[in-house]
Amino acid sequence: MSGPSTYVPKSAIGRWFEARLPVMGLVHSSFIAYPVPRNLNYMWTFGAILSFMLVAQIVTGVVLAMHYIPSANEAFNSVTNDIMRNVNYGWLIRYMHTNGASLFFFAVYVHMMRGLYYGSFKPPRELLWIIGVVIYFLMMATAFMGYVLPWGSMSYAGATVITNLVSALPLVGTGLAHWLWGGYAVGAPTLTRFYSLHYLLPFVIVAFVGLHVWALHVTGQNNPDGVEVKNVDRDTVAFTPYATIKDTFAVAVFFIVYAWLIFYIPNYLLDADNSIKANPLMTPSHVVPEWYLLPFYAILRAIPNKLMGVLALFAAIVVLALVPWLDRSPVKSAKYRPTYRFFFWVFVVVCIGLGYLGSQEPTEGTTLVARILTVGYFGFFLVVMPLLSFMEKTKPIPASIADAVLAKKPAANTAAVQA
């Protein structure tokens, strides 16, 4: 944890300001002198990547909002004509925003899988993990509402399909669906509501990210060996320059991929049907959400009952928040849990399989496979995790982070630690 700041400004003005509003002290204790485990690998750089992408999405989103017209008659033209052709660099801002959403979710999935692999959800980081799941849910809601805004054919069809699911909820479903629609079907009021919520939710996400970082600084970071810090001098290094250099390099590489996607294949992840203006009388032959929502869409379609499908869809997200209590193994990292490591990679394959099936036309065969993979998805959390908590034979874990590092490079690290 960061602890009290030891930062002392050199100038008299700086000391006067710091005594009244210790902003620089907070920055110094949180991002400069903050101790981080010395064995962190590049999987821990995705926090910085996600921060970069969140800022990029908010900045580009605000610029797009200046030119977007939330009207059923004007929305499509405001995006495809005004923003893409008439606004200076409007095409760049839009491609940054649309492709940035995909890269944002890619980074989130890597971040979440790293947490599951290395046990970052275990005590004392349960609340840290739960806040992360809340952020993920808010991202999904924000992304779905943003997908509706271009008011293309797929946008309209997607809004109709997903909002209709809400009506399956007993007692409150119909009323909630009518509130979302602003009437009795998807239309102009729906677009206005989604535009307002899509603009608002990113700032709610920022608030939860602040809580996420705060909780992280209270509990400290997990590490690849899953061993808590025992000796700050031996087990940790300063956040700056050690972590900041690694984060900067990772963000730079990620930015290159981001730029390549924008300038070379900007429409690769966009659905061609969305380049056609929404028409209530014309529905695309195959309605699918964006790729990052496909696994949940496959779970929804795998269950024949509408209400049960909706409940399974939400349960697939809720179960993520319950992981700290489902996996009770005292060993955090999968490096020392061979059986858990095997099932973890099976789970990754299951998620990828669900994503693929969600993109395909539903047939008897694909539906059967989707049901099997849905059982596998929930089975990993509700069966495998609890059973392995007390049945798995784990490997010996290092006594400390320093011991884990020294075991890899004895000669070099012994001299470094002694120094």
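General observations
- Nearest 10 degrees, 0 to 90: helix 46-67 Cα axis against the chain principal axis: 30
- Each label was represented as a point 7 Å from its Cα along the Cα-to-Cβ direction; for residue 275 and residue 31 these points are 4.0 nm apart.
- Highest-fluctuation residue, 139, 96, 391 considered, GNM on the chain with Cα pairs under 10 Å: 391
- When you count the other C-beta atoms within 10 angstrom of each residue and take the mean per peptide, 252-261, 270-279 line up highest first as 270-279, 252-261.
- Helix axis angle, 188-219 relative to the chain longest principal axis, alpha carbon, degrees: 10
- The count of lysine pairs in the chain that are at least 8 places apart or cross chains, and whose C-alpha atoms lie under 17 Å apart, stands at 9.
- The length gained by stretching the chain between residue 238 and residue 307 to full extension, at 0.36 nm per residue less their Cα-Cα distance, is 19.7 nm.
- Set of segment 210-224 residues, backbone N closer than 15 Å to the point 7 Å along the Cα-Cβ line of residue 403: none
- Label-to-label distance, residue 263 versus residue 245, with points set 7 angstrom from Cα along the beta-carbon direction: 2.8 nm.
- Of 108, 331, 369, the one that fluctuates the most in a GNM where the chain has Cα springs shorter than 10 Å: 369
- Relative contact order for the chain: 23 percent, from Cα pairs under 8 Å spaced at least 6 residues apart, divided by residue count.
- Prolate/oblate/rounded call for the chain, Cα gyration tensor, a/c under 1.5 rounded: oblate
- Over segment 222-333, the hull volume per residue, using the convex hull of the C-alpha atoms, is 185 Å³.
- Simple spin-label estimate for residue 110 and residue 92 gives 2.5 nm between the two label positions (7 Å along the Cα-to-Cβ direction from each Cα).
- A protection proxy built from the mean count of other Cβ atoms within 10 Å ranks the segments 17-29, 314-326, 110-122, most packed first, as 110-122, 314-326, 17-29.
- Relative contact order computed over segment 59-212 (Cα-Cα under 8 Å; 6+ residues apart), in percent: 27
- nm² value of the averaged projected area, convex hull over the Cα atoms of segment 39-289: 15.5
- Using every pair of separate Cα atoms, the Kirkwood estimate puts the hydrodynamic radius of segment 183-271 at 18.0 angstrom.
No lab work stands behind these numbers, since they all come straight from the coordinates. Note that the coordinates shown come from a computational prediction; the quantities given were computed from them, not determined experimentally. Positions of Cβ are backbone-derived with ideal geometry, glycine not excepted, and every protein chain shown enters the neighbour counts.
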